[in-house]
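See below for the structure under consideration.
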Amino acid sequence: MARPGSLVDSLRRWLADAPAYPASDADRREIDVLGLRLPWRATVAITVVTLVLLVDHSRALLPDVADSLGRSPMGMRIVAIERFLLFGLLPFAVVVLAFRDRPSRYGIAVGDWRAGAALMLVGCAVMTPLVLWFATLPDVRSYYASSVEPLPGLVLTNALDLTAGEFLFRGFLTFTLLRAIGPAGVLVATMPFVYVHLGKPDLEVYSTLAGGLIYGWLAWRTRSILWGAIGHVYILTLVIGAAGAAAPA
């Protein structure tokens with residue numbers, strides 16, 4: 001029988017068994033900005049992420065009716081479509097047209113599916129009771145309950161929004177930074193992910209630092225954004241549905 005210590009060591013080694021992310025010549029290419037020698041792909045990625053978050057925050061691309069719809073299902077669907085374009089298609093175009101690189105190097109891949117599926121399922125199981133408790137908090141119910149709609153539409157909205165977000169933060173930004181500054185890229189890419197949650201319930205905002213690191217670690221470990229995207233969609237769908245069920249009639 002295996003000793004508990006050896007099982008823990010084996011699990012630790014398995015969890016840390018991430019692939020290498022060697023930088024190509026294009027990843028190492030630098031640009032000179034008045035004496036600043038900057039890695040051009042990382043510089044472009046940081047700039048693009050900053051600009052799209054500013055545009056999203058300003059709601060400049062949203063139709064005027066979006067403000068009146070608030071957090072209703074239709075209002076959230078409009079925001080999700082905008083984010084699919086800004087957070088998903090725009091950085092994807094940068095990867096293909098500006099970087100002239102393969103999207104699979106930025107997490108658009110199944111990756112280590114055995115590890116990804118196992119970690120995603122365990123994570124969802126652990127988070128389910130926490131999310132159900134979280135949804136009972138008054139400020140959470142107030143924020144999320146108005147977004148409830150039938151499950152197919154809710155999943156569609158969340159998939160459009162969160163899959164694009166996973167690509168922006170964990171795919172485009174994280175994998176670019178991994179090849180420029182190493183594993184610290186997971187931490188750096190978590191910072192804008194935290195800031196985009198400002199305005200949500202306070203506990204959620206603070207928890208996104210840990211949550212963002214976990215999603216970033218999962219992408220780093222599996223070489224894929226798929227498993228984090230599935231888990232993220234599940235968690236948000238659950239919290240909206242549970243908040244709607246807990247809201248006063």
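Quick rundown of the values:
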quantity: Identity of the residue in the stretch 122-152, among the hydrophobic types (A, V, I, L, M, F, W, C) and under 17 Å from the mean Cα position of the chain (by Cα), that ends up surrounded by the most Cβ atoms within 10 Å (Cβ to Cβ); calculated: M127
quantity: Failed item in (1) in a helix (DSSP H, G or I); (2) under 19 Å from the mean Cα position of the chain (by Cα), with L198 passing the rest; calculated: (1)
quantity: Leading residue by the ranking (surrounded by the fewest Cβ atoms within 10 Å (Cβ to Cβ)) among those in the stretch 25-34 that are over 21 Å from D101 (Cα atoms) and aliphatic (A, V, I, L, M); calculated: L34
quantity: Hey, D67 surrounded by fewer than 19 Cβ atoms within 10 Å (Cβ to Cβ) and assigned to a loop (DSSP other than H, G, I, E, B) or not; calculated: no
quantity: Failed item, numbered, when P22 is tested on (1) loosely packed, with under 10 Cβ neighbours inside 10 Å; (2) farther than 27 Å from I214 by Cβ; (3) not small (G, A, S); calculated: (2)
quantity: Qualifying residue in the stretch 230-239 (condition: in contact with a Gly (Cβ under 9 Å, 6 or more places away or on another chain) and crowded, with 21+ Cβ neighbours inside 10 Å); calculated: yes
quantity: Test: residue in the stretch 56-69 that is within 18 Å of V188 (Cβ to Cβ) and within 18 Å of the chain's Cα centre (by Cα); calculated: no
quantity: Which listed residue, of R179, R114, is of a type in the set (D, E, K, R) and within 20 Å of W40 (Cα to Cα); calculated: R179
quantity: Flag for G116 being in a helix (DSSP H, G or I) and either basic (K, R) or in contact (Cβ under 8 Å) with a residue 60 or more places away in the chain (or both); calculated: yes
quantity: Residue list for the stretch 70-113, restricted to those being buried (at least 19 other Cβ atoms within 10 Å of the Cβ) and part of a loop (DSSP other than H, G, I, E, B); calculated: F99, G107, G111
quantity: Candidate set from the stretch 14-36 (those that are among the charged types (D, E, K, R) and under 24 Å from R105 (Cα atoms)); member that is modelled with the lowest pLDDT; calculated: D17
quantity: Selected residue (criterion: surrounded by the most Cβ atoms within 10 Å (Cβ to Cβ)) from residues of the stretch 153-191 that are under 23 Å from P39 (Cβ atoms) and in contact with a Leu (Cβ under 6 Å, 6 or more places away or on another chain); calculated: A189
quantity: Single match in V148, V186 (criterion: more than 29 Å from P19 (Cα to Cα), among the β-branched types (V, I, T) and touching a residue at least 12 places away in the same chain (Cβ under 8 Å)); calculated: V148
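The values are calculated or read from the model by the stated rules, or taken from the named source; none is laboratory data. None of the values given here were measured: they were computed from a predicted structure. Quick reminder, even Gly has a Cβ in these numbers, built from the backbone with ideal geometry, and neighbours come from all protein chains shown.
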